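Asker: After the structure tokens below, expect a handful of questions from me.
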Amino acid sequence: MNKKYLANLLYLTVLIFFVMLTLPSYADKKNSDENSVATNMEELRDEITANKKLVVTNNMSLTDGEAKVFWPVYDAYQKDLHEINLRLARLIDDYAVAFNKGAISNEKATQLIDEAIAIEMEEANLKRRYIPKLSAVLPGAKVARYLQIENKIRAIVRYELAEAIPLVLAE
């Protein structure tokens, strides 16, 4: 990997990590700063989107023809992935609320586990749904390369989240 790729990936990861951790805390905020918070989060999301797209652009080596048909599929995928990210943020927020109350009941732990697995399955199903769409506009090797880039970014985000989220306190 080249240094520019790593720098872009690191910057993107930090931004994604920040959004994932701050989104739940802002979601419940209901005061006069609400519009300001929403604007700031929207600006941050736009910056992440632009930087992620830059990482993909720098590593896909798309021809002009491929780029023309790839980017609409990419944008649709990112929109669907955003919904999964929001669901994950709600799960993290739900866990944070439960964690801050102390030991987590077995029932709550089971509920959190079920939702976490459902989110993982939804993300896997999203990839499965988009492979034919990507394959219709790109050769197989470039589809694989794009999915590798997405997987690397998601793996870094998951690592950062895993490092930041404390282990469950049992009853």
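The values are calculated or read from the model by the stated rules, or taken from the named source; none is laboratory data. Everything numeric in this text was worked out from a predicted model, so none of it was measured. Because the Cβ atoms are built from the backbone with ideal geometry, glycine has one as well, and the counts that use them run over all protein chains shown.
Asker: Scan N51, N100 and give me the residue that is at pLDDT below 90 and under 14 Å from the mean Cα position of the chain (by Cα). Steps first, please.
Answerer: Values: N100 fails: under 14 Å from the mean Cα position of the chain (by Cα).
Of N51, N100, the one residue that is at pLDDT below 90 and under 14 Å from the mean Cα position of the chain (by Cα) is N51.
Asker: Which residues, taken from the stretch 132-171, are among the hydroxyl-bearing types (S, T, Y) and either modelled with pLDDT of 95 or more or touching a Ser or Thr at 6+ places or on another chain (Cβ under 8 Å) (or both)?
Answerer: S135, Y146
Asker: Then there's this: Go through the stretch 114-135 and give me each residue that's more than 19 Å from R154 (Cα to Cα) and free of Cβ contacts under 8 Å to residues at least 12 places away in the same chain.
Answerer: D114, P132, S135 - these are the residues of the stretch 114-135 that are more than 19 Å from R154 (Cα to Cα) and free of Cβ contacts under 8 Å to residues at least 12 places away in the same chain.
Asker: Taking interchain pairs and intrachain pairs at least six residues apart, which have beta carbon atoms under 6 angstrom, with the first residue in the stretch 97-110 and surrounded by 11 or more Cβ atoms within 10 Å (Cβ to Cβ) and the second part of a helix (DSSP H, G or I) and not small (G, A, S)?
Answerer: The qualifying pairs are A98/K108.
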